[in-house]
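The values are calculated or read from the model by the stated rules, or taken from the named source; none is laboratory data. Small disclaimer: the values here were computed from a predicted structure and weren't measured. We place every Cβ from the backbone using ideal geometry, glycine too, and count neighbours over all the protein chains shown. Keep in mind that these areas ignore ligands, DNA and RNA; they rest on the heavy atoms of the full protein, side chains included. Shrake-Rupley method; radii C 1.70, N 1.55, O 1.52, S 1.80 Å.
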Amino acid sequence: MTNCLIVGGGIIGLSLAYELSRRGLSVTVAEQGAWGGQASSAAAGMLAPLKEFSQPGPLLDLGIESLRLYPEWAAELEAEAGRDVQLCIDGLLTVALTEEEAEQLRAKFTWQRESGYDVRWLTGAAIRDVEPLLTDRAIAAIHSPSEGHVNNRMLLQALVTACKRRGVTLLSGCVVTGFVAEGSRVVGVETTAGSLFADETIIASGAWAGIAMGWLGLSIPVLPVRGQIAAVDSAGIPLQTVIFGSTGYITPKRDGKIVLGATEDEAGFQREVTLEGLTGVLNGVMPYVPALSSAPFLEAWAGLRPATADGKPLLGPVPGWSGLSLAGGHFRNGILLSPITAKLMADYLEQGRTERLEPFLPERFTSVVSQGRKMG
Ligand SMILES: Cc1cc2nc3c(=O)[nH]c(=O)nc-3n(C[C@H](O)[C@H](O)[C@H](O)COP(=O)(O)OP(=O)(O)OC[C@H]3O[C@@H](n4cnc5c(N)ncnc54)[C@H](O)[C@@H]3O)c2cc1C
């Protein structure tokens with residue numbers, strides 16, 4: 001039986017572990033901290049490929065396919081874990097407050113409509129029929145009824161439970177520090193808890209994935225992009241739908257919170273919330289729903305999105321090495337892309353199939369920066 005070792009217990013590592021275990025493979029996950037404790041629990045949980053991707057192409061196709069997988073994937077996971085993940089596919093509004101924004105949105109709507117996507121163009125009062133709490137300054141909006149959101153923290157808990165039930169070995173507090181190789185084959189990793197061996201090692205370490213590539217002397221850059229984000233109490237603010245504007249987004253969750261996001265700032269691996277960041281988030285969302293200004297503040301936090309130079313994830317084998325692959329670089333959309341990433345990576349690991357991964361293969365970036373290799 002193929003033995004798989006996944007480095008990183010975020011949404012990507014855990015989704016892949018769950019998928020591989022469902023296919024009968026033996027799986028171990030090594031996580032340096034807490035399960036999902038980094039970007040995956042910081043996220044807003046939106047499932048919004050039409051909002052997120054600004055042009056047709058393989059990334060949008062991947063996002064749409066993942067969104068389609070979500071209901072069945074989440075239902076099976078809920079049944080297996082005995083936990084709700086609060087999946088809501090109840091639509092999303094992308095809103096314009098100015099003529100200039102409306103023009104840009106209209107252009108996006110046009111190609112989305114021509115491509116056959118489920119989107120509607122709304123103006124004036126029709127926008128507030130969808131979301132009555134939206135400001136009357138909104139002059140136009142794209143409404144996409146098939147997008148939505150999930151409670152990513154509950155999803156992570158469900159994945160951990162399901163992985164345990166499937167017999168996945170979950171090692172938390174286990175820091176991976178280097179690779180173990182025989183020639184050009186990776187056969188495992190060095191960790192703070194000793195060596196771990198596997199037929200296939202998969203790097204799913206989010207914003208830290210580029211560092212692991214550096215251990216092999218490879219340059220596959222992954223840039224941490226901080227997202228600062230906040231939540232208020234939803235009591236008295238019965239929002240119906242997710243709202244996106246040019247300066248922020250508002251996500252009403254089913255757990256009594258409204259999640260408000262988010263900055264995109266580069267601060268290395270620092271995860272602090274700054275006053276400037278928090279002020280920017282709050283000032284960015286209040287123009288869209290004025291009622292938010294009286295909402296009780298609950299909390300603010302931050303996470304590191306794993307960004308790549310071309311905005312596309314890194315999925316598939318690491319060139320020059322056998323037994324090693326990457327599942328990372330999901331930037332703003334790792335929660336959305338987790339079911340499809342798990343499926344396509346499992347197809348690769350089980351059957352060696354890379355056709356579907358073609359646009360996302362790590363080989364598009366690889367260059368050898370040093371001969372220095374960190375190995376046991
Ligand atoms: C503010 C914010 C809002 C977001 N909103 C959304 C959204 O609405 N929708 C959406 O789809 N996406 C969203 N995202 C993006 C999403 O969170 C990420 O794309 C996704 O979480 C990436 O998952 P991951 O598993 O690759 O990374 P992570 O969750 O960061 O997991 C990587 C794990 O690897 C571990 N690790 C790293 N190095 C090592 C090592 N050496 N040894 C062992 N373990 C290691 C880390 O501790 C970490 O737990 C948002 C992100 C942020 C920050």
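For this structure, a couple of remarks:
- Rounded to whole Hz, the Karplus (6.51, -1.76, 1.60) HN-Hα couplings of segment 248-253, x for glycine and proline: x, 9, 10, 10, x, 9
- The equivalent ellipsoid of the chain has semi-axes of 37, 21, 20 Å, largest first, where each one is the square root of 5 times an eigenvalue of the Cα gyration tensor.
- The distance separating the Cα centre of segment 1-69 from that of segment 219-291 comes to 22 Å.
- Only lysine pairs 8 or more places apart, or on different chains, with alpha-carbon atoms under 21 angstrom apart are counted in the chain, and they number 6.
- Per residue solvent-accessible surface (Å²) - segment 226-367, probe of 1.4 Å: 38 Å²
- Here the chain carries DSSP beta bridges of which approximately 70% are antiparallel, counting only pairs with both residues inside.
- Segment 326-369 shape via C-alpha gyration tensor axes, a/c threshold 1.5: oblate
- C-alpha long axis of helix 11-22 to longest principal axis of the chain, angle in °: 60 degrees
- Normalised by the number of residues in segment 226-376, the mean separation of alpha-carbon contacts (under 8 Å, six or more apart) gives a relative contact order of 22 percent.
- Within a Gaussian network of the chain (alpha carbon springs, distance under 10 Å), most fluctuating of G63, G328, G124: G124
- Positive-end residue, segment 252-299 charge dipole about Cα centroid, Cβ charges, pick of P296, T263, G280: P296
- Surface share of carbon and sulfur [accessible, 1.4 angstrom probe, percent] for the chain: 50 percent
- Relative contact order of the chain, pairs being alpha-carbon contacts under 8 Å that are 6 or more residues apart, as %: 24 percent
- Using the Karplus relation 6.51 cos²θ - 1.76 cosθ + 1.60 with θ = phi - 60°, the per-residue 3J(HN,Hα) values for segment 50-60 come to 5, 6, 6, 9, 8, 8, x, x, x, 5, 5 Hz, with x marking Gly and Pro.
- Between helix 275-285 and the chain: long-axis angle, C-alpha atoms, 0 to 90°, nearest 10: 50 degrees
- The HN-Hα couplings worked out from phi for segment 238-245 by the Karplus form 6.51 cos²θ - 1.76 cosθ + 1.60 (θ = phi - 60°) are x, 5, 9, 8, 5, 10, 10, x Hz, whole numbers, x standing for Gly and Pro.
- Listed residues T177, T274, T247, most fluctuating in the chain (Gaussian network, C-alpha, under 10 Å): T274
- Accessible surface computed residue by residue for segment 84-125, with neighbouring protein chains in place and a 1.4 Å probe, gives 53 Å² per residue.
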